[in-house]
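Scroll down for the structure; my scribbles are underneath it.
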Amino acid sequence: MNYFRQTLRELQVGVIIFGVLNILIGMWFPKDMLAYVLGGVLGTVTALVLTVNMANAITKAVSDESKASTRIRIAFFVRYAISIVVMVVACVTPRVNPIATFIGIFCLKFATYLTPVIHRINLKINPHSLESDGSEEIEEGENDATYASGER
C-alpha cells in the first residue's frame, strides 16, 4: 500500500474515531437520542465521503499538473456543496439532529490533527505497513536513465 493511500486510511480512521465519540458523548444530552445518533452517523459518513473526494482530487491534480489548480478548486466547491446539501437535509428532516450532523462533518477537521498519532500507532502495530513496493525505485531508475541520456 503506498504512502498516500495509507495516509488516507489513517485520516478516515480518525474521522471514524471522532464520529463515534460524537455519537457516544452527545447522545445522552438531547431529548431525542435517536435523532442525535442519526445526525452523527450522517455527518460522519459525509466526512468520509469528503475525504475520498479530497483524495481523488489530489490524485487527479498530481497526474495532470496543467489543470491542477482548476481541479483542486472544483473539488473544493464540490465538497462545500456536499456539506451544504447534507446540512440542509439535516435541518429539514425532523428525525435528524443538525447539530450532531455538523459535528460529524467537522470531525474531518479534528481527525486531521489526530492523523500523526494514528500513524505512529499504525507503525507500532504493523511496522511493515509502509514498506516500498518497489515502484519508487523503478521511477528513480527511469529518471536517472532519462537524465543520463540527455532527454528531459
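Just a few scattered comments:
- Search result, residues across segment 74-107 that are in contact (Cβ under 8 Å) with a residue 24 or more places away in the chain and within 23 Å of Glu10 (Cα to Cα): Val78, Arg79, Ile82, Ser83, Ala100, Thr101, Phe102, Ile103, Gly104, Ile105, Phe106, Cys107
- Residue match in segment 119-127 (condition: in a helix (DSSP H, G or I), surrounded by 11 or more Cβ atoms within 10 Å (Cβ to Cβ), in contact with a helix residue (DSSP H, G or I) (Cβ under 8 Å, 6 or more places away or on another chain) and at pLDDT below 90): yes
- Any hit, segment 20-40, residues being buried (at least 19 other Cβ atoms within 10 Å of the Cβ) and farther than 24 Å from Val96 by Cα: no
- Taking the listed residues Ile118, Ile99, Ile74, Ile82, the one that is over 19 Å from the mean Cα position of the chain (by Cα) and of a type outside the set (Asp, Glu) is Ile99, with no other qualifying.
The values are calculated or read from the model by the stated rules, or taken from the named source; none is laboratory data. Just so you know, these numbers come straight off a predicted model, no measurement behind them. Quick reminder, even Gly has a Cβ in these numbers, built from the backbone with ideal geometry, and neighbours come from all protein chains shown.
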